[in-house]
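The values are calculated or read from the model by the stated rules, or taken from the named source; none is laboratory data. Keep in mind that this is a model prediction, so the values were computed, not measured. Here Cβ is always computed from backbone atoms with ideal geometry, including for glycine, and neighbour counts include all displayed protein chains.
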Amino acid sequence: MDRATALAPFHSSPATALVAVDFDGTLSPIVDDPASARPVDGIPEVLEELAGRMGEVAVVSGRPLAFLEQWFPHGSRVGLYGLYGLEARRRGERVDHPSSGVWRETIADVAARAVRTGPEGMEVESKGLSITLHYRQHPEVADAVEAWARGAAAPSGLRCRPAKMSVELHPPIDEDKGTVLVRLADEVGGPVFFGGDDVGDLPAFEALDRLAADGRPVLRVAVDGPEAPLALTERADLLVDDPHGMADLLGDLLD
């Protein structure tokens, strides 16, 4: 699909369009230190301008809401869905998943245990309602990290999710990027755009498949690269090379 054809439904029906994007690897380059991730210059401004034209613009990420609010502070028209939808801010209102609060203590306990007993070289990133166990700086401990995560998940009731050079532990709540996308798509009613780069974005692509089967115009965009999963890139309607390419594509939505 060429770019002009792919974007045509969004140019012809902007008021009913949904534009949603992942953060890490999509708006921001992947970095060794998760805390140092920053969106490509100009992307927050482009998304803000799009939010004034489209029916809905959202960032749907595994990051906590507080992290995303650094670039989309209160007053922004961009909807924020952190921790795969467990934490959200839409139209200025904070709305957390009703089942999420009871899991904060469990997450804190498992995160503390990961710091104490996890394999050497594993970096523990506690996000309040989820934990990411990183091995990007020590890829040789990948198997040990994955084994530790599985061992921690079973007795705690948490679920493991694979991610780029990491494993995530989440509460057993049926909320992901796909469920967020479907809710928003049902409200706006028009074409749906989603851009991502990792296995955590597959549920969003699956949601787009279902919407497309019902006749909805959809656009699946994947950020390509050496770490991009084939399960994502092979299903994409468009590929971009990196977050700078995503910035260019989002800019084309404005034209």
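Here are a few things to note about the model shown:
- Among the helices (runs of 4 or more DSSP H) confined to region 136-255, the ones with at least 2 residues that are surrounded by 22 or more Cβ atoms within 10 Å (Cβ to Cβ) are located at 142-156, 177-188, 202-213, 243-254.
- Strands (runs of 3 or more DSSP E) fully within region 79-127 that include at least 2 residues being among the acidic types (Asp, Glu): 93-96, 123-126.
- Unique residue being out of contact with any helix residue (DSSP H, G or I) (no Cβ under 7 Å at 6 or more places or on another chain), under 27 Å from TYR81 (Cα atoms) and not assigned by TED's automatic domain parsing to the domain that holds ALA88 when the list is GLU140, GLU105: GLU105
- Selected residue (criterion: farthest from the chain's Cα centre (by Cα)) from residues of region 17-61 that are among the β-branched types (Val, Ile, Thr) and surrounded by 23 or more Cβ atoms within 10 Å (Cβ to Cβ): ILE43
- Filter result (in a loop (DSSP other than H, G, I, E, B), in contact with a strand residue (DSSP E or B) (Cβ under 6 Å, 6 or more places away or on another chain) and crowded, with 21+ Cβ neighbours inside 10 Å) within region 62-71: ARG63
- Close pairs (6 angstrom Cβ cut-off, 6 or more residues apart or separate chains): under 16 Å from LEU219 (Cβ atoms) in region 172-193, of a type in the set (Val, Ile, Thr) and not in a helix (DSSP H, G or I) anywhere: LYS177/VAL60; ALA185/VAL192; VAL192/VAL218; PHE193/VAL19
- Sole exception among (1) surrounded by fewer than 16 Cβ atoms within 10 Å (Cβ to Cβ); (2) at pLDDT 95 or above for GLY92, by number: (2)
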